[in-house]
Amino acid sequence: MATPAHWLTGARPRTLPAAVAPVVAGTGVAAYDGELVVWKALLALVVSLALQVGVNYANDYSDGIRGTDDDRVGPLRLVGSGLATPRAVKRAAFLAFGVAGVAGVVLAATSAWWLIAVGAVCVLAAWFYTGGSKPYGYLGLGEVMVFVFFGLVAVVGTTFVQTEEWGDAGWAALIAGSGVGALACAILVANNLRDIPTDTVAGKITLAVRLGDRRTRGFYAVLVALAVVALAGVAALTTPWALLGLPFLAFALPATRIVLGGAVGPGLIPVLQQTGLAELLWAVGCGIGLAVA
């Protein structure tokens, strides 16, 4: 079957940005605070990558056994396409979660043991997004999960394990997490916008299905605007160097034009890639600016 590398390529355009961006942004805040710890940043990256790979396998498994992927427009799914058995994909998901857990325990042991509870909640949230008898991803709550766990928790957690305190760095990390989380949400919104017809038939009531086509497109634009506001907030709280993240608009604006222009189906796939690059550039630019300052 496919390996985790399957989710680190174009088959899952949001995986690398969503995993790397919060760690880069959080590490930038820690560096600005004078508390950069390289090995902890790298271990946080392992946690983030493993959770992303795990949630991708978990979604593939759960959506596949429900039949949600039987008529799919987007990237290939293993269970839905028959390339791998449900059991194998489920095993891969828990293996990835296990890697994240081990790395997380090491970070908790060197900073704060209560982080183990946070990690456990992250894994549960990743599994029950599409897993279990009542997955919250089928109730329109997926964007909440992405914003909280792959935005706020990931950025603030990365900063905290290095600084080991809240302080001004904590507030800067919270704002940075809002920017990263907004763009991570925008990727999911574009994905669900593309899948409104098939999700409606499959009974997967995402936020896009609830909002409808027109309002979902507007929501995407609002999330991009929120990322701009968050970047300005980080700069105001720390240093104007954080505005080095503004070039993210080179990808976010064309993607917004595509969304607001009414693209449907495969026409929205480039938006996923552009928004993923925008998220990564937001974090790298902001993180470098904070580190330089």
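Computed from the coordinates by the stated procedures, all read-outs in this text should not be read as laboratory data. Not measured: the values here are computed from a predicted model. Heads up, the Cβs are rebuilt from the backbone with ideal geometry, glycines too, and the neighbour counts pull from every protein chain shown.
Just the number, please: Stokes-Einstein D of region 112-154 in µm²/s, Kirkwood Rh from C-alpha pairs, 4 °C, 1.567 mPa s. Don't skip to the end; give the middle numbers.
Details: Rh = 10.8 Å.
Rounded, D is 120 µm²/s.
Can you tell me which of 106-115, 232-241, 49-58, 268-277 comes out highest on packing, and rank the rest after it, using the mean Cβ neighbours within 10 Å?
Descending mean neighbour count gives 49-58, 268-277, 232-241, 106-115.
Where the only charges are on Cβ atoms (+1 Lys, Arg; -1 Asp, Glu), what is the dipole of the chain about its Cα centre, to the nearest 20 debye?
Working: 17 positive and 15 negative charges, 157 e Å.
Roughly 760 debye, rounded to the nearest 20.
What is the helix-to-structure angle for 38-66, meaning the angle in degrees between its Cα long axis and the longest Cα principal axis of the chain, kept from 0 to 90 and rounded to the nearest 10?
10
Working from Cα positions, state the angle (0 to 90°, nearest 10) between the long axis of helix 269-292 and the longest principal axis of the chain.
The angle comes out at about 10 degrees.
Roughly how far apart, in whole Å, are the Cα centres of region 169-185 and region 243-293?
Answer, in whole Å: 15.
Pick from Leu83, Leu188, Leu211 the residue whose mean-square fluctuation is largest in a GNM of the chain, springs joining Cα atoms under 10 Å.
Of Leu83, Leu188, Leu211, the Gaussian network model singles out Leu83 as fluctuating most.
Just for the Cα atoms in region 120-232, what are the lengths along the principal axes, largest first, rounded to whole Å?
Largest first, region 120-232 extends 48, 32, 13 Å along its Cα principal axes.
Springs between alpha-carbon atoms under 10 Å, Gaussian network over the chain: tell me which of Gly218, Gly26, Gly131 tops the mean-square fluctuations.
The residue with the greatest mean-square fluctuation here is Gly218.
Between Leu139 and Trp114, how many nm apart are label points set 7 Å from Cα along the C-beta direction?
Taking the simple label geometry, Leu139 and Trp114 are separated by 2.6 nm.
What is the helix-to-structure angle for 154-163, meaning the angle in degrees between its Cα long axis and the longest Cα principal axis of the chain, kept from 0 to 90 and rounded to the nearest 10?
30
Over region 18-292, what is the mean sequence separation of C-alpha contacts under 8 Å (at least six apart), divided by residue count, expressed as relative contact order in percent?
Rounded, it is 25 percent for region 18-292.
Of Gly285, Tyr136, Ala117, which is farthest along the charge dipole of the chain in the positive direction, counting Lys and Arg as +1 and Asp and Glu as -1 at C-beta?
It is Tyr136.
Provide Rg over Rh for the chain; use the alpha carbon set for both Rg and the Kirkwood Rh (inverse mean inverse pair distance).
0.96
Mind listing the phi-derived Karplus ³J(HN,Hα) values for region 190-202, rounded to whole Hz, using 6.51, -1.76 and 1.60 with θ = phi - 60°, and x for any glycine or proline?
My calculation for region 190-202 gives 5, 4, 6, 4, 4, 9, 3, x, 6, 5, 4, 5, 7 Hz in order.
With each run of n ≥ 4 DSSP H residues scored as -39500 (n - 2.57), what mean residue ellipticity at 222 nm is computed for the chain after dividing by its residue count and rounding to the nearest 500 deg cm²/dmol?
Counting only the DSSP helices, I get -23500 deg cm²/dmol.
Between Ala88 and Arg215, what is the label-point separation in nm under the 7 Å Cα-to-beta-carbon projection?
4.2
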